[in-house]
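Just so it is clear, none of the values below were taken in a lab; they were calculated from the coordinates. No experiment lies behind these values; they were computed from the predicted model shown. For neighbour counting, all protein chains shown are included, and Cβ atoms are generated from backbone atoms with ideal geometry for every residue, glycine included.
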Amino acid sequence: MWTDRRHFLKSLVANSALFPGILSQLLADSTTPVPGQPHFPPAAKRVIFLFMSGGVSHVDTWDPKPRLTADHGKEVKLNHPEIENRPGYERIFLKRPGWEFKPHGQCGTQVSSLFPHLAQCVDQIALIRSMHTSHSNHYNATLGMHTGSFAFARPSIGSWLSYGLGSSNQNLPSFVVLAPQTPYAGSQVWASDFLPAAHQGTLVIPGNAPIANVTPRTPRSQQVRELAAMAALNRRHLADRSADSALEARLRSFETAFGMQMEVPAVFDFQEESDATLALYGLERGQTSGFAWQCLAARRLVEKGVRFVELIDVGSSNNWDAHGDMQTHVPLAKNVDQAIAGLLRDLQGRGLLEDTLVVWTTEFGRTPFNNTPDNPGREHHNWAFSSWLSGAGVRPGIVHGETDEYGVRVARDGVHVHDFHATILHLMGLDHERLTFRHSGRDYRLTDVAGNIVKGVLS
């Protein structure tokens, strides 16, 4: 029986001339932390990062603008070359929100009817209405939201947290990405780049087999012997190549893969979940896809000690990029609304929200205007958009910052992507200026040379 794993491995070590490092790691409990210490006591132990790919319209979801409704069709002058030089935009007109806003919760935060379930969770949310970013293209803005760099490949925020804090479960990756399709910026969204390759995200694709080939084809006792022999040879090879992080990552990947055979099947088997829990997420029993599946999988992963779990909402045929028709926001919102609200309630009910940080964001907003008064869509808008935080260390039920009367520009307490990242790292016990890595003669960090902690959202 595999319950005798520790006894078997001790016997193997005692009778082996190899004494490879992997065996001593396998002898440890799966919850033994891999080295990695925060700079100061953290509010949060883990992050669930919810990314809505394509650009969610802030003025149709989280940022009510009565004047935008009142002045619908009014021609405006923005005096900005990015708009003035865009073909077809010699004249621009205000476009009203397509959905009604109402106050919700004890805090009274206004949310549109696109998110009826999340609207009931606003007392647990710190809403930031003054986000802004440095690029209006999907690729660059998505890259920036994940890596802090808008033009060059850099490590993902999940990789930085894995590098800074390590893993709390040796049998699972410290950074997992749940996504049905590849988003803008591709795999760079979860890449480790110049950080040690072991910190890159592990992609999980919803379906009947979320992680392929995880079921062992040989007995575990044989696998241990094979890994022991291979580890000894590889460590000897690595000794002459100590600067080869890719080789080190390959060694660790074998070890992690071995442990994942024990943990992964159980993590993605929802049979033990009650009907009430499935209903909370809007999930059918036996369902293996959809954003509700991603949300429940995220809860189960953080329960097992995964440090950073990202959920990417990106479909095979569309996302939140509503150039042609804002009505495409309707099915997209329905797909995520109950699932995310269910995740927040489930985490809170299990006592996990106390030390879990939940982040909701998109790469940029959408224009409160268009080139004709009756244009049904909205364009990319990086000057202002909305994001929110919930959980560990976050002030619940508050709104931080505001945009102008039409939602065009930030009017107060602006939060750049670098500030957003600095705040997330702070909540995880990391100083964004001290979390650095030497590469090509320079100390790099997630926030580049900028970033201020958004103290207004901290509890």
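Could you please rank Ser174, Ser113, placing first whichever residue has the fewest other Cβ atoms within 10 Å of its Cβ?
Ranking Ser174, Ser113 by Cβ neighbours within 10 Å, fewest first, gives Ser113, Ser174.
Under a point-charge model restricted to the Cβ atoms of Lys and Arg (+1) and Asp and Glu (-1), what is the dipole moment magnitude of segment 279-421 relative to its Cα centre, in debye to the nearest 20?
Dipole about the Cα centre, nearest 20: 540 debye.
Return Cys121, Cys107, Cys295 ranked ascending by Cβ neighbour count within 10 Å, so the fewest neighbours appear first.
Taking fewest neighbouring Cβ atoms as first place, the list is Cys107, Cys121, Cys295.
Here is the link list: Lys45/Lys65; Lys65/Lys455; Lys45/Lys455; Lys102/Lys334. Which ones come out longer than 27 Å on Cα distance?
Pairs exceeding the cut-off: Lys45/Lys65.
Using amide H atoms built 1.01 Å from N in the peptide plane, name the residues 5+ places from Ala411, or on other chains, whose amide H lies under 5 Å from its own.
Amide H neighbours of Ala411: Glu402, Thr403, Asp404.
Name the long-range amide H neighbours of Leu458: under 5 Å, sequence gap of 5 or more, or other chain; modelled H, no Pro or chain starts.
Residues meeting the criterion, in which the H sits 1.01 Å from N, are Arg395.
Considering Cα pairs under 8 angstrom that are at least six residues apart, work out the relative contact order of segment 359-459 and quote it in whole percent.
Rounded, it is 24 percent for segment 359-459.
Would you order Lys334, Lys65 from fewest to most other beta-carbon atoms within 10 Å of each residue's own beta-carbon?
Lowest to highest Cβ neighbour count: Lys334, Lys65.
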